[in-house]
Amino acid sequence: MDRLSGTVVGRAPDRSWPQSLSRVPYWVFQDEEVYRAEQDRIFHGPTWSYLCLEAELAEPGDFCATFIGEQPVLVTRDVDGEIYAFENRCAHRGALIAMADHGSAREFTCVYHAWTYNLQGDLTAVAFAEGVQGRGGMPAGFCMNDHGPRKLRIAVVHGLVFGTLSNDLPDIEEYLGEQILDRIDRVLGGRTPVVLGRFTQRLPNNWKLYAENVRDSYHASILHLFFTTFGINRLSQRGGIIVDRSGGHHVSYSAIDRTAVADTEYSQQNIRSESEYRLADPSILEGSSEVGDDVTLQILSVYPGFVLQQIQNSVAVRQILPRGTDDTVLNWTYLGFESDTEEQRLVRMKQSNLVGPAGYVSMEDGGIGGFGNAASPARRTSTRRSRWAARQRSRARAG
């Protein structure tokens with residue numbers, strides 16, 4: 001027994017799975033080997049991953065640097081008007097090809113050794129390929145067509161750009177299914193999105209915890225005090241949950257029921273619904289039913305790491321990116337539409353305060369993953385102590 005770490009030296013960790021499929025063991029969120037397998041089997045495997053918005057590639061030469069899992073990806077629009085995506089890694093030594101997150105370029109030149117690529121990811125030039133004064137250079141059989149970053153398959157759904165590294169994956173329409181496509185169409189169909197703003201948020205938890213949180217409708221009216229205090233969420237509302245056949249994609253939604261009486265279930269259960277707080281500007285909750293169905297909340301997820309949300313008139317996409325067993329990047333992009341009136345745009349900007357890292361509604365989601373992280377503070381402390389003990393033993397042996 002290691003007195004500092006509390007682990008039994010030489011004993012392999014228990015990796016058994018409970019008999020009940022409704023129980024998930026903590027090691028799934030903690031194990032480094034599981035995390036690495038996820039990169040290979042999920043993000044590099046047969047899945048479509050959200051990359052960016054088509055609106056971010058409005059003109060030829062526009063590009064967006066993004067990720068599939070941990071792998072950097074460059075998405076471009078070429079002069080032919082088509083969208084392309086390829087690894088944002090130079091084929092020579094693996095340095096980043098593009099450093100900026102967004103921009104416009106005619107071509108990309110790696111800063112390390114000046115290998116140059118076109119907007120489709122093809123290698124077009126190698127510095128000193130012929131050597132210097134007839135000496136050195138690339139071998140006679142060197143062919144630039146054989147040297148380039150790995151290219152992705154691309155699909156665009158209502159202005160959302162998805163990519164995959166798999167050649168065997170079905171088309172995006174089959175991958176999503178009719179119900180999910182219909183719900184994306186409900187929010188984005190027939191309108192051209194424009195970017196209103198962006199945030200990047202760092203979460204102190206495993207990426208799967210946030211992916212689960214998005215699909216967890218149980219917590220919405222319990223964790224998020226703003227929902228119940230200001231009547232955005234009522235148990236008398238209409239709504240439902242859609243899960244596709246694969247179990248990976250989902251939609252949860254709620255709508256105003258204009259005939260329902262006020263409910264008292266929250267106060268009866270002693271859930272935090274009674275508050276003296278009032279909004280200084282109640283107009284933040286004033287909006288309109290844009291598609292005529294009175295749905296005030298729709299959260300849609302696409303496996304493995306995409307979320308499309310409509311809360312009131314605030315529309316945003318979220319990109320979940322793993323960075324470690326207990327580290328996740330969450331990218332938010334807030335959307336408006338080219339057809340918006342000045343008044344509609346103002347409402348969207350106001351209601352964007354409901355969501356995001358400091359949003360009145362979703363602020364708690366950024367913290368709860370850390371509170372409930374399977375890699376608990378006690379465990380992280382034990383790990384740090386174990387590393388400290390190992391260093392001390394190593395120094396003692398060196399002395």
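Give, rounded to the nearest 20 debye, the magnitude of the charge dipole that the stretch 27-133 has about its Cα centre when Lys and Arg contribute +1 at Cβ and Asp and Glu contribute -1 at Cβ.
Values: 6 positive and 18 negative charges, 57 e Å.
In total the dipole reaches around 280 debye.
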Could you tell me the distance between the Cα centroids of the stretch 30-69 and the stretch 152-177, to the nearest Å? 12 Å
Give me the one-decimal nm value for the distance between modelled label points at Q120 and W27, 7 Å along each residue's Cα-to-Cβ direction. 4.9 nm
What's the extension gain from V329 to E212 if we count 0.36 nm per residue and subtract their Cα-Cα distance? 40.6 nm
Which FRET efficiency, nearest 0.05, do I256 and E342 yield, Cβ-Cβ r, R0 22 Å? 0.30
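How many percent of the accessible area of the stretch 97-227 is carbon or sulfur, using a 1.4 Å probe?
Numbers: 3520 of 7150 Å².
Here carbon and sulfur together make up 49 percent of the probe-accessible area.
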Please list, ordered by chain and number, the residues whose modelled amide H lies under 5 Å from the amide H of C52; skip anything fewer than 5 residues away on the same chain. V161
Hey, what's the per residue convex hull volume over the C-alpha atoms of the stretch 1-151, in cubic angstrom? 226 Å³
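The values are calculated or read from the model by the stated rules, or taken from the named source; none is laboratory data. Quick caveat: nothing in here was measured; it's all calculated off a predicted structure. Positions of Cβ are generated from backbone atoms using ideal geometry, with glycine treated the same way; all protein chains shown enter the neighbour counts. For accessibility, only protein heavy atoms count, side chains too; no ligands or nucleic acids. Shrake-Rupley method; radii C 1.70, N 1.55, O 1.52, S 1.80 Å.
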